[in-house]
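A short worksheet on the structure shown next.
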Amino acid sequence: MLSRISSDIKSLSLTWLMLRVYTLLCGLLAARIAGTSFTRVWERWDAVYYARIVTNGYSADDGTTNFHPLYPLLAWPIAQITSSPILALLFVSSIATAALYLFFKRFASLDYPEASAKIGSLLFIFWPISYVFYLPYTESTWLCFAVLCLIYARQSRWWAAGVCASAATLTRQQGLFLMIPVAWELWETSGRSVKDLFKAWRSWSALLLPPVAYGLWITFRSIALGSFKPDFSSFGAFVYSTFLSPASHRIVEGQQFMWPWKAMYVAIQRALSLSYLNPWIDLTFGAIFLLLVAMAWRHIRPSYRLYVVVIVLVSFSYHTGMTSTGGAYLSLPRHLLLAFPVFVGLLPRLERWELLLLTSCGATMTFLLFGYFWGRLVP
């Protein structure tokens, strides 16, 4: 058993190393062709703001308050050594990705044999959108905490799960949704008994950690940066100006939450009116992910189902405006990636097709990576 675990760690570590070297070489090639610096080709979209936070901290006037603090905070000491915020952010993403691979394998092993769990990990690793793990973005860091949170929940280590959910929340606000599967697992552990529920109040109090962490971040942002400007003109405006950020529209003008069917209709209409690829990539991978959810549904734990449904509904309800930045579903595939239990539920369906899937997914990942470098595709 120990030798098998050691072998899996070695193979996943080798996979991580190969992909990290490969993505760096792609960055070098893109920089050489474009005649620019290596760090410049990684500085796209959200990475610009994270680099700005690492360098200058937060400001109420430049859109940085839209981004949560843990990821740039982890990169800050490394930036002091390298004098490059982008390299520091890449370093944090790289280390988080290495840890994520090992955690995800362990997560899949909770429900499947070791060999099957390894295949599930590879499907997750080579899912085309997973190239974002190697960008100066938050996905790998957030998922690292999120996967570990659900592992702890399955082990009934509620306070450890709460701490991990809090760390995920301080990385991006979707960490709050992790309370849903943790609460369900705690309810199951209590035997679905209201009496036992009250007896376990110390365990349930761990669920307060993520909202408290989020509240502290909002308080700091509001008081220290003077960014508390509640807008009571509508419920959506109030949510954006208080719980999210009043600077949200500095990043993408016109973004809002609407009913998912309405947002999808608007996104399709927007894609039909544009002549470039990004909106269709968003819609295509969004549709594929819905298919994956349907295929995996029977094999996902009830607590995971609730979480997946919430992530999918919120992702498809997020309308990113009609400006020239692109389609009305910017980053939809990246947001759906947070519904990671789907990849575990797919194992019984896809085990015999893993080689074909890994090959095609790896090729598509390369295409999207170069699209990020050259075409400024929104990840």
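Brief remarks on what is shown
- Complete set of residues in the range 63-77 that are surrounded by 15 or more Cβ atoms within 10 Å (Cβ to Cβ) and either of a type outside the set (A, V, I, L, M) or closer than 17 Å to Y134 by Cα (or both): G63, T64, T65, N66, F67, H68, P69, Y71, P72, L74, A75, W76
- Any hit, the range 107-118, residues being over 26 Å from A183 (Cβ atoms), in contact (Cβ under 8 Å) with a residue 24 or more places away in the chain and of a type outside the set (D, E): yes
- Of all the listed residues (L87, L178), the sole one being hydrophobic (A, V, I, L, M, F, W, C) and surrounded by fewer than 21 Cβ atoms within 10 Å (Cβ to Cβ) is L87.
- L143 vs. criteria in contact with a Phe, Trp or Tyr (Cβ under 9 Å, 6 or more places away or on another chain), farther than 19 Å from H68 by Cα, of a type outside the set (S, T, N, Q) and buried (at least 24 other Cβ atoms within 10 Å of the Cβ): no
- Some residue of the range 27-48 being within 22 Å of the chain's Cα centre (by Cα), more than 22 Å from T366 (Cβ to Cβ) and surrounded by 12 or more Cβ atoms within 10 Å (Cβ to Cβ): yes
Okay, residues lined up against (1) under 20 Å from L369 (Cβ atoms); (2) within 18 Å of the chain's Cα centre (by Cα):
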residue	(1), (2)
Y112	no, no
I125	yes, yes
P136	yes, yes
E139	yes, yes
Y152	no, no
Q174	no, yes
F177	no, yes
A183	no, no
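- Test: P246 is surrounded by 14 or more Cβ atoms within 10 Å (Cβ to Cβ) and modelled with pLDDT of 75 or more: no
- Yes/no for L216 being at pLDDT below 75 and either part of a helix (DSSP H, G or I) or of a type outside the set (A, V, I, L, M, F, W, C) (or both): no
- Screening the range 152-180 for residues that are among the aliphatic types (A, V, I, L, M) and touching a Leu at 6+ places or on another chain (Cβ under 7 Å) and picking the one that is farthest from L216 (Cα to Cα) gives I180.
- All positions within the range 301-326 that are β-branched (V, I, T) and either at pLDDT 90 or above or surrounded by fewer than 21 Cβ atoms within 10 Å (Cβ to Cβ) (or both): V308, V309, V310, I311, V312, V314, T323, T325
- Some residue of the range 100-112 being modelled with pLDDT under 90 and under 18 Å from L14 (Cβ atoms): no
- Scanning the range 258-317 for residues that are under 18 Å from the mean Cα position of the chain (by Cα) and of a type in the set (F, W, Y) gives F285, F289, Y304, Y307, F316.
- Scanning the range 149-168 for residues that are touching a helix residue (DSSP H, G or I) at 6+ places or on another chain (Cβ under 8 Å) and either buried (at least 24 other Cβ atoms within 10 Å of the Cβ) or not in a helix (DSSP H, G or I) (or both) turns up C149, L150, A153, S156, A161, G162, C164, A165, S166, A168.
- Within the range 150-185, the set of residues being without any contact (Cβ under 8 Å) to a residue 40 or more places away in the chain, in contact with a Ser or Thr (Cβ under 9 Å, 6 or more places away or on another chain) and within 18 Å of A96 (Cα to Cα) comprises G175 only.
- Some residue of the range 278-298 being within 23 Å of P379 (Cβ to Cβ), touching a residue at least 60 places away in the same chain (Cβ under 8 Å) and surrounded by fewer than 17 Cβ atoms within 10 Å (Cβ to Cβ): no
The values are calculated or read from the model by the stated rules, or taken from the named source; none is laboratory data. Quick caveat: nothing in here was measured; it's all calculated off a predicted structure. Please note: Cβ atoms are built from the backbone with ideal geometry, for glycine as well, and neighbour counts cover all protein chains shown.
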